[in-house]
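Quick note: the coordinates plus some simple rules give every number you see, no bench work behind them. Values in this document were obtained by computation on a predicted structure and should not be read as measured data. Glycine also receives a Cβ, built like all others from the backbone with ideal geometry; neighbour counts cover every protein chain displayed.
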Amino acid sequence: SPSLALDRTITLVGLMGVGKSTVGRRLAQRLALPFHDGDHEIEAAAGMSVSEIFASRGEAEFRAGEARVMRRLLEGPPIVLATGGGAMMNPETRALMKQHSVSVWMRADLKVIAERVQRRDTRPLLRGRDPLETLSQLAEARYPVYAEADLTVDVGGGSHGQAVEAIYREL
Ligand code: S3P
């Protein structure tokens, strides 16, 4: 039952393009919890877009900022938190997620994700590269780590609304 999770932060993890932000916002409404998007908080703190941070400061600095933002959010009151696809790869962030949240791996077919990310050009890791190939490489490195999430929910193919319902049922 959802009441189990209501007093804990719910962290959504998974590859870019799987719908963490859109689904997270709607799940938060459903649970009457505030919604936060890790990428947006990093952008607000830096006064730049994620792409601009990568370009002007490099990925390492982006990751350091991401870890600070994740710490602040995870140590705060319960929220629904959409993470950037790489956030859980940081061991410290991972430990904080385990300590402070119920984590949900949103999993979908890589082909479905590749089609979605092709519609937008906001992701520096995909710039100028074949999306499916890049996503496959990321999946190989990250799926063993995403698999440490408390819950895994298959959201592939369906609508965002169906994903919200599927996660809600599992909580
Ligand atoms: C990244 C995912 C992005 C963003 C950055 C790096 C990643 O977030 O944090 O471009 O390493 O997978 P989304 O998962 O919200 O696209």
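Worth pointing out:
- Max mean-square fluctuation residue, GNM over the chain, Cα-Cα springs under 10 Å, options Met106, Met70, Met48: Met48
- Each part reduced to its alpha carbon centroid, region 16-45 and region 52-119 end up 11 Å apart.
- Once the Cβ-Cβ distance of Glu75 and His40 is raised to the sixth power relative to R0 = 30 Å, the FRET efficiency obtained is 0.95.
- Model label points for Ala64 and Asp154, set 7 angstrom from Cα along the Cα-to-Cβ axis, are 4.2 nm apart.
- Residue among Phe54, His100, Pro131 farthest towards the positive dipole end of the chain, charges placed on Cβ: His100
- Per-residue ellipticity at 222 nm computed for the chain from its helices equals -16000 deg cm²/dmol, with DSSP H segments shorter than 4 residues left out and the rest contributing -39,500 (n - 2.57).
- Sequence-distant contacts, meaning Cα pairs under 8 Å at least 6 residues apart, place the relative contact order of the chain at 36 percent.
- Applying both filters, DSSP loop and at most 14 other Cβ atoms within 10 Å, to the GluC sites (Glu not before Pro) of region 65-171 gives Glu75, Glu148.
- FRET efficiency, Arg116 to Ala139 (Cβ-Cβ, R0 22 Å, nearest 0.05): 0.90
- Size of charge dipole - region 46-141 - debye, nearest 20, with Cβ of Lys, Arg +1 and Asp, Glu -1, no other charges: 200 debye
- About the centre of its Cα atoms, region 1-87 shows a dipole size close to 300 debye [charges on the beta carbon of Lys, Arg (+1) and Asp, Glu (-1) only; nearest 20 debye].
- With the convex hull of its Cα atoms as the shape, the chain has an orientation-averaged projected area of 8.9 nm².
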